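Before any comments, here is the structure.
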Amino acid sequence: MERSIILSDTLANRLEHYLQEHPDESVSDLIEEILQQKENPSGRTSRVLRIQPAKTGSGYSDTSVNHDEILAL
């Protein structure tokens, strides 16, 4: 589907600058991303965040207890 829209000069310049800075994105991609944000204002996505466990020995074992001392380092 093709649509024509009227943009102010300022907005058209911002759009053109953005697309030059992000050549891998198209106007269609940008509109789709903005619509997804507007349709889902809570920021929750349908994707599942998969948290991987840390490797053994990757940090302190008592961070929840001694967080002030650890963060002060």
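The values are calculated or read from the model by the stated rules, or taken from the named source; none is laboratory data. Everything numeric in this text was worked out from a predicted model, so none of it was measured. Virtual Cβ from ideal backbone geometry, glycine too; neighbours counted across all protein chains shown. Surface areas here come from the heavy atoms of the whole protein model, side chains and all, with no ligands, DNA or RNA. Shrake-Rupley method; radii C 1.70, N 1.55, O 1.52, S 1.80 Å.
Before I look further, what does the chain give for accessible area per residue, probe 1.4 Å, in whole square angstrom?
On the way: 7530 Å² over 73 residues.
With all protein chains present, the chain gives 103 Å² per residue.
In degrees, nearest 10, range 0 to 90: what is the angle between the Cα axis of helix 27-39 and the longest Cα principal axis of the chain?
60 degrees
Could you work out what % of the accessible surface of the chain is carbon and sulfur, using a 1.4 angstrom probe and leaving DNA, RNA and ligands out of the count? Display every interim value, and only then the final one.
Numbers: 3910 of 7530 Å².
Taking all protein chains in place, the chain shows 52 percent carbon and sulfur surface.
Which is farthest toward the positive dipole end of the chain among 11, 56, 31, measuring Cα position about the Cα centre, with Cβ charges +1 (Lys, Arg) and -1 (Asp, Glu)?
Selected residue: 56.
If the chain between residue 67 and residue 18 were fully stretched, how many nm would it gain, using 0.36 nm times the residue separation less the Cα-Cα distance? If you can, show how the numbers build up before the last one.
On the way: separation 49, 0.36 × 49 = 17.64 nm, distance 4.16 nm.
Gain on stretching residue 67 to residue 18: 13.5 nm.
Taking N as the number of residues in the chain, what is its Cα Rg relative to 2.2 N^0.38 Å?
Numbers: Rg = 22.1 Å, N = 73, 2.2 N^0.38 = 11.2 Å.
Cα Rg divided by the expected 2.2 N^0.38 Å: 1.96.
Check residue 25: other-chain or 5+ apart residues with amide H under 5 Å from its amide H, H built from backbone geometry?
none
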